[in-house]
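A.B. asks: A single structure is presented below for examination.
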Amino acid sequence: AYARGIERRGIPRQLAAISRQASRDERLKTMTQFPTYIMHGIHDKLVPIANAYHLHNLIPNSQLEVFPDLGHYVDPAHTVEYYGALVGFIKREMAKKEKSQ
């Protein structure tokens, strides 16, 4: 899956598909049903970091984590850090839910 993720021929097609999409800002503002964890690599050359901050500002109670050593793809050398952060977020959210019940 990782090797497929860096297939350069797919990048222009993906960017074209993204650019044709209508704004989702209004819909994102209503995302209150589920905890939202936004993960972004500071070295992402495909999606600007400003997009992560924009999402974070739109989605109520979202959490943003910026990874200083990552780009757009999860480098195998950073999988423990990346997935550890995700698992940590899930555990914190589960603990909040259990505490509120």
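The values are calculated or read from the model by the stated rules, or taken from the named source; none is laboratory data. Bear in mind that the values here come from a model prediction, so they are computed numbers and not experimental data. All Cβ positions, even for glycine, are placed from backbone atoms using ideal geometry, and neighbour counts span all protein chains on display. In case anyone asks, the SASA skips ligands and DNA or RNA and just uses the protein heavy atoms, side chains included. Shrake-Rupley method; radii C 1.70, N 1.55, O 1.52, S 1.80 Å.
A.B. asks: Might you check whether a residue that is in contact (Cβ under 8 Å) with a residue 24 or more places away in the chain and touching a Pro at 6+ places or on another chain (Cβ under 8 Å) occurs anywhere in the range 80-87?
C.D. replies: There is no residue in the range 80-87 that is in contact (Cβ under 8 Å) with a residue 24 or more places away in the chain and touching a Pro at 6+ places or on another chain (Cβ under 8 Å).
A.B. asks: Which of the numbered conditions does His72 fail, given that it passes all the others? Conditions: (1) assigned to a helix (DSSP H, G or I); (2) modelled with pLDDT under 95.
C.D. replies: With respect to (1) assigned to a helix (DSSP H, G or I); (2) modelled with pLDDT under 95, His72 is out only on (1).
A.B. asks: Moving on. For the range 60-95, name all the residues that are open to solvent by less than 60 Å² (accessible area, probe 1.4 Å), of a type in the set (Ser, Thr, Tyr) and closer than 19 Å to Lys45 by Cβ.
C.D. replies: Passing the criteria: only Tyr82.
A.B. asks: How many residues does the range 16-53 hold that are touching a residue at least 12 places away in the same chain (Cβ under 8 Å) and not polar (S, T, N, Q)?
C.D. replies: Residues flagged as touching a residue at least 12 places away in the same chain (Cβ under 8 Å) and not polar (S, T, N, Q) within the range 16-53 amount to 18.
A.B. asks: Take the conditions open to solvent by less than 40 Å² (accessible area, probe 1.4 Å) and either part of a helix (DSSP H, G or I) or touching a Phe, Trp or Tyr at 6+ places or on another chain (Cβ under 7 Å) (or both) and apply them to Ala52. Does it pass?
C.D. replies: Yes; evaluated as a whole, the condition is true for this residue.
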